[in-house]
Amino acid sequence: MATVAVSMAGLLSLSACGGGSDKTESGGQAAAKKVEVFSWWTGPGEADGLKAMEAIFAKQYPQFSFFDAAVAGGSGDQARALLSSKLQANQPPDTFQGHAGAELQGYIKGGKLESLNFLYDELKLKSVFPQQLIDQISVQGQVYSVPVNIHRSNILWFNPSVLKTAGISAAPKTVDEFIADLDKVKKAGKIPISIGSQWTLVHLLESTLLGSLGTDAYNALWTANADWSSADVTKALTNFKTILSYAGTPQEDWQPAAKQVADGEAAFNIMGDWAYGYFHNPPDGGLGKASKTDFDWAPSPGTDGTYLWLSDSFTLPKGAPNRDGAIAWLKVAASKEGQDAFNPKKGSIPARKDADKSLYTDYLAWDLDQWSTDKLAGSIQHGVVANDAWRTAINDAVGLFQQDQDVAKFQTALADAAKNSGQ
């Protein structure tokens, strides 16, 4: 804990030393005022998408200087920990990334965010964002974030050649088929399923719960009268244990785990659709792999017809040092131009309904179609259904389960986390 505290203090100091925004240039002309944009987009694909939006921002708002305050770490766990420290110290960035949904509830209840209704009215955003998304990011009629994209969590990425070698003709459609295929791959001498750091196991858990329980029962877990102690949940967690027994050595994060599939070292990886950008983008920002040849995809086992969704969004913190600059960034993030520049590189689809569909090909074209027809379920790890305290408790329970593999203890911990969620 002391080490973490020192690390946080160091990061806060670095952020505070990010550069003077009010100094003048040698010629006496005022320098562009810094806009600190806080995110966790540092990996291939996501960083490329951020740079594409940054270029638009620089062109449209030359009076401001973009300051990338991204913190590395898939899913944003490290970034959120630092962000919490900054907000508690009343040192907010000008704007920060957050997942739409329950994740932002703590910030809203704590009075840390400004309502963005004024911006939605000015830009007429309620007519270009889906109503279900507006509902998810609103609290008592107030909207607190600007969604940049829609992501899908429940995607099974696989290597066609590895499956063929193992005698598997198609992606598994059920959890039972998946477990049988994992065993075939193991016998063929390859890694059955690759995993990354601990958060990727929570990501795997949500797809396993959805695939084992079905959409309605999964969605019921996030209601006031949810039964986390049921026999159906026990079965789902047992499936999770079995799947984990086939996992390879945990990698540092999701990218190296996904790369094991692309390189033919592993057969399967369950990860969000941001992996597409990493697989597909040229080698300077991705792996430069060919879809349907080097990698392929399908809904995670048991979840066909359900879109396990999440959305990246940006906020306006109260007390933002450069409020005008933050609003300028939010306008770029909300715009058709900004979203069409960002999402094809990120490996996501636009939150706007009027985006240029011709830009979304291959996996992304399939994804757009699925979003318009599938049932919806919300992601655990990525902030839709569980607030930060609840998500943290689930993460802790998964971490302990990874060590002891005790299903009964794991289920009790998840049931307790639900009871104590305060959501």
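The values are calculated or read from the model by the stated rules, or taken from the named source; none is laboratory data. The shown structure was predicted, so the numbers you read here are calculated from the model rather than taken from an experiment. Positions of Cβ are backbone-derived with ideal geometry, glycine not excepted, and every protein chain shown enters the neighbour counts.
Remarks
- PHE158 being in the same structural domain as MET271 (by TED's automatic domain parsing), touching a Pro at 6+ places or on another chain (Cβ under 7 Å), in contact (Cβ under 8 Å) with a residue 12 or more places away in the chain and buried (at least 23 other Cβ atoms within 10 Å of the Cβ): no
- Hits in the range 112-133 - residues which are without any contact (Cβ under 8 Å) to a residue 40 or more places away in the chain and surrounded by 16 or more Cβ atoms within 10 Å (Cβ to Cβ): SER115, TYR120
- A single member of SER153, SER138 is without any contact (Cβ under 8 Å) to a residue 12 or more places away in the chain and crowded, with 16+ Cβ neighbours inside 10 Å, and it is SER138.
- Residues being free of Cβ contacts under 8 Å to residues at least 24 places away in the same chain and within 18 Å of the chain's Cα centre (by Cα) - total across the range 374-421: 1
- On inspection, THR303 passes the criterion of being β-branched (Val, Ile, Thr), more than 18 Å from the chain's Cα centre (by Cα) and under 23 Å from HIS99 (Cα atoms).
- Candidates PRO92, PRO62, filtered to the one that is closer than 15 Å to THR315 by Cα and assigned by TED's automatic domain parsing to the domain that holds LYS318: PRO92
- Residue within the range 228-237 that is small (Gly, Ala, Ser) and touching a Ser or Thr at 6+ places or on another chain (Cβ under 7 Å) present: yes
- Scanning the range 334-355 for residues being more than 17 Å from TYR276 (Cβ to Cβ) and at pLDDT 95 or above gives a total of 5.
- Residues that are of a type in the set (Ser, Thr, Tyr), surrounded by 21 or more Cβ atoms within 10 Å (Cβ to Cβ) and touching a strand residue (DSSP E or B) at 6+ places or on another chain (Cβ under 9 Å), drawn from the range 207-228: SER207, THR208, TYR218
- Scope the range 55-67; condition surrounded by 16 or more Cβ atoms within 10 Å (Cβ to Cβ) and not in a helix (DSSP H, G or I); matching residues: TYR61, PHE64, SER65, PHE66, PHE67
- Failed criterion for PRO282 (all others in (1) without any contact (Cβ under 8 Å) to a residue 40 or more places away in the chain; (2) over 27 Å from GLU46 (Cβ atoms) hold): (2)
- Selected residue (criterion: farthest from ASP263 (Cα to Cα)) from residues of the range 289-304 that are in contact (Cβ under 8 Å) with a residue 24 or more places away in the chain and among the small types (Gly, Ala, Ser): GLY302
- Within the range 45-63, the set of residues being under 14 Å from ALA326 (Cα atoms) and not acidic (Asp, Glu) comprises MET53, PHE57, ALA58, GLN60, TYR61, PRO62, GLN63.
- When every residue of the range 277-295 is checked against the conditions, at least one turns out to be crowded, with 17+ Cβ neighbours inside 10 Å and within 30 Å of GLN131 (Cβ to Cβ).
- You will find that of SER212, SER229, SER207, SER245, the residue that is of a type in the set (Gly, Ala, Ser), under 25 Å from ASP312 (Cα atoms) and at pLDDT 95 or above is SER207 and no other.
- Residue check for GLN140: under 20 Å from ASP312 (Cα atoms) and modelled with pLDDT under 95: no
- Candidate set: the range 229-271, residues that are small (Gly, Ala, Ser) and within 24 Å of the chain's Cα centre (by Cα); chosen: the one surrounded by the fewest Cβ atoms within 10 Å (Cβ to Cβ): GLY248
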